[in-house]
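Each remark here refers to the structure printed beneath this line.
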């Protein structure tokens, strides 16, 4: 940054209630009141080790020369955008993503929210941060001078409860040098104001399930980073203002990641029509990542228009579809095969 740029803004890491996976009433109450909730121990220690290894399997497969045990090779890295999110290169159909998103405790948490176990899952992206104490260029691009890229993931033209998003934190907040998932508590109660107060900004997103409040909006001053532990699930109402944001850090330059999360969103399967289910089956066959809304099944390839000049590397290895179990196929299209 130049000397004329505003100072970076960071957000305090705070201890928040962490609810057991079976404490359904408390999870729902906190989610609807605060706009988010943290569910503990969605992945156990063995599952966390498996997830960590599967992430590296995918990352090494799409990044030539990358080796998990040699941080000097981490200059080769999957293509990442705002906040370190990796929405391409087959991340949404990776064994890592499928392993995490189909854990019974995660599916059960969403089933309790919707009152049904007939659910479809998003083929959502991955987020990983390298330890930028080793190389400052590795720090995720998160619009630092603006205090982050705060947004909501629902079109303000629909001011109603529609969608709950989620992420599973593989490493926990403490691993990230003080950063992570930043949220503005209770900001879902402001959602109806975005259309009335900022109509031109809403229109600029063309009806997409996305909106960025003005950077000087007072609500952003109350943003916090809920402290999570490895294996925790963070849930949030899509109307809640949030982003991913590194802390002032930097994390040390050792051979380990500063952050690793897998995004997952589940909604009732009855919302998806026949053409959507076919798009979802095709996404698995073709290795496509999608946006967070399962019943829309929109490929993230369309996001490239927001990053002019960004070129995805040519795939050097043929795509191999994931080997899905019957319960995983049910999350694709409601079938068991």
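Could you please give the count of residues in segment 6-29 that are crowded, with 20+ Cβ neighbours inside 10 Å and modelled with pLDDT of 95 or more?
Of the residues in segment 6-29, 2 are crowded, with 20+ Cβ neighbours inside 10 Å and modelled with pLDDT of 95 or more.
Of these, 334, 326, 274, which one is touching a strand residue (DSSP E or B) at 6+ places or on another chain (Cβ under 9 Å), farther than 29 Å from residue 183 by Cβ and surrounded by fewer than 16 Cβ atoms within 10 Å (Cβ to Cβ)?
Step by step, each of 334, 326, 274 is checked, and only 334 is touching a strand residue (DSSP E or B) at 6+ places or on another chain (Cβ under 9 Å), farther than 29 Å from residue 183 by Cβ and surrounded by fewer than 16 Cβ atoms within 10 Å (Cβ to Cβ).
With 241, 225 as the choices, which residue is touching a residue at least 12 places away in the same chain (Cβ under 8 Å), closer than 25 Å to residue 294 by Cα and under 15 Å from the mean Cα position of the chain (by Cα)?
241
Considering every residue within segment 298-314, establish whether at least one is within 29 Å of residue 14 (Cβ to Cβ), out of contact with any helix residue (DSSP H, G or I) (no Cβ under 9 Å at 6 or more places or on another chain) and exposed (fewer than 15 other Cβ atoms within 10 Å of the Cβ). Show your work before the answer.
Narrowing segment 298-314 to residues within 29 Å of residue 14 (Cβ to Cβ): none.
No, segment 298-314 contains no residue that is within 29 Å of residue 14 (Cβ to Cβ), out of contact with any helix residue (DSSP H, G or I) (no Cβ under 9 Å at 6 or more places or on another chain) and exposed (fewer than 15 other Cβ atoms within 10 Å of the Cβ).
Could you give every pair whose Cβ atoms fall below 9 Å, whose first residue belongs to segment 297-322 and is on the phi > 0 side of the Ramachandran plot, and whose second residue is part of a loop (DSSP other than H, G, I, E, B), counting only separations of at least 6 or pairs across chains?
297/122; 297/123; 297/272; 297/288; 297/291
Going residue by residue through segment 284-294, is there one that turns out to be out of contact with any strand residue (DSSP E or B) (no Cβ under 6 Å at 6 or more places or on another chain) and surrounded by fewer than 17 Cβ atoms within 10 Å (Cβ to Cβ)?
Within segment 284-294 (the criterion being out of contact with any strand residue (DSSP E or B) (no Cβ under 6 Å at 6 or more places or on another chain) and surrounded by fewer than 17 Cβ atoms within 10 Å (Cβ to Cβ)), the answer is yes, since at least one residue qualifies.
Yes/no matrix, rows are residues, columns are (1) free of Cβ contacts under 8 Å to residues at least 60 places away in the same chain; (2) over 23 Å from residue 123 (Cα atoms); (3) in contact with a helix residue (DSSP H, G or I) (Cβ under 6 Å, 6 or more places away or on another chain); (4) assigned to a loop (DSSP other than H, G, I, E, B):
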position	(1), (2), (3), (4)
10	no, yes, no, yes
21	no, no, yes, yes
48	no, no, no, no
58	no, no, yes, no
65	yes, yes, yes, yes
79	no, no, no, yes
92	no, no, no, no
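How many of the residues in segment 194-214 are within 25 Å of the chain's Cα centre (by Cα) and either assigned to a loop (DSSP other than H, G, I, E, B) or over 13 Å from residue 155 (Cβ atoms) (or both)?
Qualifying residue count, segment 194-214: 9.
Looking only at segment 255-276, count how many residues are under 24 Å from residue 112 (Cα atoms) and over 22 Å from the mean Cα position of the chain (by Cα).
2
Could you count how many residues in segment 295-314 are in contact with a strand residue (DSSP E or B) (Cβ under 7 Å, 6 or more places away or on another chain) and at pLDDT below 95?
Final tally of qualifying residues: 4.
Which condition number does residue 292 fail, the rest of (1) more than 17 Å from the chain's Cα centre (by Cα); (2) closer than 30 Å to residue 74 by Cα; (3) at pLDDT below 95 being met?
It fails just one condition, (1).
Residue-by-condition table, conditions (1) surrounded by fewer than 23 Cβ atoms within 10 Å (Cβ to Cβ); (2) modelled with pLDDT of 95 or more; (3) under 15 Å from residue 167 (Cβ atoms); (4) under 20 Å from the mean Cα position of the chain (by Cα):
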position: 39; (1), (2), (3), (4): no, yes, yes, yes
position: 53; (1), (2), (3), (4): yes, yes, no, yes
position: 70; (1), (2), (3), (4): yes, no, no, no
position: 96; (1), (2), (3), (4): no, yes, yes, yes
position: 111; (1), (2), (3), (4): yes, yes, no, yes
position: 116; (1), (2), (3), (4): yes, yes, no, no
position: 131; (1), (2), (3), (4): no, no, no, yes
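Kindly evaluate residue 82 against the criterion of being surrounded by fewer than 21 Cβ atoms within 10 Å (Cβ to Cβ), modelled with pLDDT of 95 or more and either under 16 Å from the mean Cα position of the chain (by Cα) or under 28 Å from residue 107 (Cβ atoms) (or both).
In short, no.
The values are calculated or read from the model by the stated rules, or taken from the named source; none is laboratory data. This structure is a prediction, so every number in the text was calculated from the model and none was measured. Note that each Cβ is placed from the backbone with ideal geometry, even for glycine, and that neighbours are counted across all protein chains shown.
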